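Values in this text are rule-based calculations from the coordinates and carry no lab data. Just so we're clear, the structure is a prediction, and the values are computed from it rather than from any experiment.
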Amino acid sequence: MTDISSITSSFTSTISKQTAQLGKAADATRKNFGEILSKVETTIGLKPKTGFTAGPTYEANTLAGQTKAALGNAANAVKSALHIPH
């Protein structure tokens, strides 16, 4: 017969290893999520790419600022094509 203590020990060891692996996976997931969230915040302009937190440099690096500049450039191109003063 198999000794019950060896079965219990083996079972406990297996559970401990799986728990440790789950902990590592959770830490990696948390880290990756944090990195992705940071990139999204920077891309949509919630967080600056550079040390600037206001002004033209900050705005030029945000999605909102880039959209505003693109729309402004398009409007200026239309005004120029139609000979409307800026």
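Applying 0.36 nm per residue to the separation of Ile7 and Thr57 and subtracting their alpha-carbon distance, the gain on full extension is 11.5 nm. Full extension of the chain between Glu41 and Ser16 gives 5.3 nm of extra length, using 0.36 nm per residue less the Cα-Cα distance.
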